[in-house]
Amino acid sequence: MVTRVAMWSGPRNVSTALMRSFGARADTLVVDEPLYAHYLDVTGLDHPGRAEVLASQPRRWQDVAAALTGPLPPGVDVYYQKHMTHHLLPEIGRGWLAELANAYLIRDPAHVVASYAKVRGEPTLADLGFTQQAEIFRAYGGPVVDAADLLRDPAGVLAKLCAALGIGWDPAMLSWPSGPRDTDGVWAPHWYANVESSTGFAAYDPSPAVVPDRLRHLVDAARPYYDELHAHRLTAAAA
């Protein structure tokens with residue numbers, strides 16, 4: 001039986017490193033942000049590499065959902081789906097999510113806003129995905145991983161996550177070869193420079209986030225949603 005892991009996170013949440021971690025498993029197939037083309041098509045947003053993204057993926061969410069819940073190649077025991085929560089637009093049906101093992105990668109909103117602002121100067125709350133993440137969690141539940149906990153103790157937190165998902169822990173998840181992957185989205189050249197040079201999770205940095213004053217309101221608006229999921233997070237100490 002295949003475990004289809006839908007990992008829901010906002011941007012700037014070490015989500016690509018976690019995708020690398022699962023991709024290092026011999027039994028796992030990964031897919032990178034499969035709803036991105038639909039999101040860009042519907043919103044009309046001008047993200048880096050927009051034309052390439054639209055050409056690389058189905059634009060109809062129904063086609064994406066069918067692929068994510070459909071047949072897989074032989075030998076695949078885990079189908080890891082890296083999702084951005086803000087890609088799950090209101091018009092997208094939710095019924096197919098019940099066929100997935102939904103999980104959540106969260107990060108303190110101060111760090112998310114500080115990081116995102118370096119890439120896109122004026123983010124909105126909708127860009128950050130906190131409200132959508134809480135919506136999915138309330139409807140479907142599932143394990144929650146905080147990025148800070150993951151970086152502090154990758155082995156302990158990943159072991160706990162695997163147990164919660166009902167899959168075996170694999171130490172191969174702690175390291176991977178540097179470089180791009182065929183499974184990376186076509187947007188990788190615009191966003192993945194750091195992860196392409198990585199061979200494992202970065203060390204945890206305890207430095208406080210430096211949030212521009214003009215974006216402080218976003219941190220305050222996102223905080224309740226983060227706190228709601230943070231209360232359910234897995235920790236290595238509980239393993």
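Note on the chain: GNM, Cα springs under 10 Å; of LEU72, LEU100, LEU45, the largest mean-square fluctuation is that of LEU45. In this calculation the C-beta distance from ARG60 to THR199 is compared with R0 = 25 Å, giving a FRET efficiency of 0.10.
Once you sort the root eigenvalues of the Cα gyration tensor of the chain as a ≥ b ≥ c, which label holds: rounded (a/c under 1.5), prolate (a/b larger than b/c) or oblate (the other case)? Rounded is the answer for the chain, as its axis ratio a/c remains below 1.5. Applying 0.36 nm per residue to the separation of ALA67 and LEU45 and subtracting their alpha-carbon distance, the gain on full extension is 5.5 nm. Taking a point 7 Å out from the Cα of SER175 in the direction of its Cβ, the residues of segment 202-216 whose backbone N falls within less than 18 Å of it are 202-204.
Ligands, DNA and RNA are left out, and with a 1.4 angstrom probe the accessible area of the chain is 44 Å² per residue. Of all DSSP-defined beta bridges confined to the chain, some 5% are antiparallel rather than parallel. Taking the helices alone, the chain has a mean residue ellipticity at 222 nm of -11000 deg cm²/dmol, built from -39,500 (n - 2.57) per DSSP H run of at least 4 residues and averaged over all its residues. Accessible surface of the chain, 1.4 Å probe: 54 percent of it comes from carbon and sulfur atoms.
Which residues in segment 81-102 place their backbone N less than 11 Å from a point set 7 Å from the Cα of ALA164 along the Cα-to-Cβ direction? Inside the label zone: 102. Of the peptides 140-148, 12-20, the order by per-residue mean of other Cβ atoms within 10 Å, starting with the highest, comes out as 12-20, 140-148.
Taking a ≥ b ≥ c as the square roots of the Cα gyration tensor eigenvalues, with a/c under 1.5 meaning rounded and otherwise prolate when a/b beats b/c, else oblate, which class fits segment 99-239? It is oblate, given that a/c is not under 1.5 and a/b is not larger than b/c. The gain in end-to-end length when the VAL119 to GLU91 segment is fully stretched comes to 7.4 nm, 0.36 nm per residue minus the alpha carbon separation. Considering only GLN132, GLN62, GLN81, the Gaussian network model of the chain with Cα springs below 10 Å gives its largest mean-square fluctuation to GLN62.
The values are calculated or read from the model by the stated rules, or taken from the named source; none is laboratory data. Fair warning: this is a prediction, and the values are worked out from it, not measured in the lab. Neighbour counts run over all protein chains shown; Cβ positions are idealised from the backbone, glycine included. With ligands, DNA and RNA removed, areas are computed over all heavy atoms of the protein, side chains included. Shrake-Rupley method; radii C 1.70, N 1.55, O 1.52, S 1.80 Å.
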